[in-house]
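**Student:** Just dropping this structure here.
The values are calculated or read from the model by the stated rules, or taken from the named source; none is laboratory data. Quick caveat: nothing in here was measured; it's all calculated off a predicted structure. Reconstructed Cβ throughout: ideal geometry from the backbone, glycine too, with neighbour counts over all protein chains shown. Accessible surface areas use protein heavy atoms only, side chains included; no ligands, DNA or RNA. Shrake-Rupley method; radii C 1.70, N 1.55, O 1.52, S 1.80 Å.
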Amino acid sequence: AAIELDGLKGFALYADGAAGTADQMYQAIVFTEDGGYFLFAGIYLKGDKKAEQDIQNVIRTFKRK
């Protein structure tokens, strides 16, 4: 899914952990104008909506200096 953080555009996605694990990862990547990027990731137990939301909320606080 498309995402925007501090004016930078990019993508957010989910990934399941290895077979037999209950892990899930939320990852966001946004790209700078000069070809760089910022990558954010958080791992939580699949189905833990509070942990998923907490990770997303922390990522949304990103600001460049």
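**Student:** Based on this model, can you work out whether Lys65 counts as over 15 Å from the mean Cα position of the chain (by Cα) and of a type in the set (Lys, Arg)?
**Tutor:** Numbers: over 15 Å from the mean Cα position of the chain (by Cα): yes; of a type in the set (Lys, Arg): yes.
In short, yes.
**Student:** Specify the residue that is most open to solvent (accessible area, probe 1.4 Å); the eligible residues are those in the range 25-45 that are in a strand (DSSP E or B) and among the hydroxyl-bearing types (Ser, Thr, Tyr). Give the steps one after another, and end with the answer.
**Tutor:** Within the range 25-45, the first condition is being in a strand (DSSP E or B), and the residues that meet it are 25-31, 37-45.
Now drop any that are not among the hydroxyl-bearing types (Ser, Thr, Tyr), which leaves 26, 37, 44.
On the way: Tyr26: 17, Tyr37: 142, Tyr44: 13 Å².
Ranking the candidates gives Tyr37 first.
**Student:** Within the range 1-24, how many residues are within 26 Å of Arg64 (Cβ to Cβ), open to solvent by 60 Å² or more (accessible area, probe 1.4 Å) and aliphatic (A, V, I, L, M)?
**Tutor:** Final tally of qualifying residues: 3.
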